[in-house]
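See below for the structure under consideration.
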Amino acid sequence: MIRKGIRITSLVLVFAALIFVILRNNVRLQSTSFLKKYTSEELSYFSEVGFGDSDRLTKWNKKIEVQILPPFQKADSLEVDKIIDELRPLIGKTDIVWVKEKGNVLINFPRTAEEFNSHITADLHQEPKGYASSNLDLNGNLRKVDIYIIPHLNGKGRWETLRHELCHAVGLMGHSKRRFQQPHLLGITAFNSYDVYETDLDLPSSLPAAERRAIALLYEDSLPPNLARKNFIQVIGEINSIH
Ligand SMILES: [Zn+2]
């Protein structure tokens, strides 16, 4: 009797998993006209940085509540405030606010390198300055993100790392391996001087145009979460062949 119950439960689970896989693989773009607002370079950059290891789109469908956890410097909280203001106009109907408790994007400043490293669960090929770990629901909607910033990182690098991880936190999960002449947070900027990067904390920092456009594209209503990278690449290939 019990064994039969288990067999039926397993069958139901297998069936549910199958339905889920079929539905997820059927996520398609209903319309592509909104993509005309973007240049082919912007679409191409998005095909790299908009998709992480899962090769599927992830985004928020509820208010993003950013909380910064102690110990942090006053300058950190001022910069996070600035980044929230930069992100707000880019994320469509979704809102982003700063909260003192129960946030869904938590920014941590570990005190030691050991503590920082203990939070890195992914197998990374290089030593990171920051790390973002995210939780999603089955539909590809973000539910919670934890950000960690390496200790003793100062200068412009601290602000760029914060912005880089917050780009991941809003849903740009990938990176580009390409080298650019203009600032790109998720790609490689060719002219970065490491001295300036680590020493000048007063250098103005803001989200580069490449990331601003990628976030705006991610939050287009017509772009559904769970859309596969290969589907997106196929659509932009069709658009490019028409022009
Ligand atoms: Zn990254």
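Throughout, read-outs are computed from the coordinates displayed, never taken from laboratory work. This is a predicted model, so every value here is computed, not measured. Ideal geometry is used to build each Cβ from the backbone, glycine not excepted, and the neighbour counts take in all protein chains shown.
Observations
- Using θ = phi - 60° in the Karplus curve 6.51 cos²θ - 1.76 cosθ + 1.60, the 3J(HN,Hα) couplings for region 134-139 round to 10, 10, 10, 8, 5, 8 Hz; x is entered for Gly and Pro.
- For region 102-111, Karplus couplings with θ = phi - 60° (6.51, -1.76, 1.60), whole Hz, Gly/Pro x: 6, x, 10, 10, 9, 9, 10, 10, x, 6
- Simple spin-label estimate for GLU238 and LEU18 gives 2.9 nm between the two label positions (7 Å along the Cα-to-Cβ direction from each Cα).
- Rel. contact order, % - alpha carbon contacts under 8 angstrom, at least six apart, the chain: 28
- Pair HIS152, LYS82: separation of 7 Å Cα→Cβ label points (nm): 2.5
- Alpha-carbon centroids, region 112-171 and region 21-74: separation in whole Å: 17
- Debye log10 I(q)/I(0) at q = 0.11, 0.12, 0.15 Å⁻¹ for the chain, Cα point scatterers: -0.63, -0.73, -1.07
- Helix-only arithmetic for the chain: the sum of -39500 (n - 2.57) across DSSP H runs with n ≥ 4, divided by the residue total, places the mean residue ellipticity at 222 nm at -13000 deg cm²/dmol.
- By DSSP, the beta bridges lying fully in the chain are antiparallel in about 40 percent of cases.
- Around the amide H of LEU153, modelled in the peptide plane, lies no amide H under 5 Å away from a residue 5 or more places distant or on another chain.
- Under the span-like rule (Cα at least 27 Å along the axis, Kyte-Doolittle mean at least 0.5), DSSP H helices of the chain: 2-25
- Here's how it looks for LYS144: its modeled amide H is under 5 Å from those of ASN135, which are all 5 or more places away or on a different chain.
- Cα gyration tensor shape of region 33-128, rounded if a/c is under 1.5, else prolate or oblate by comparing a/b with b/c: oblate
- Anchor LYS93: lysines whose Cα lies under 24 Å away (excluding residues fewer than 8 positions away in-chain): LYS36, LYS37, LYS59, LYS62, LYS63, LYS82, LYS102, LYS144
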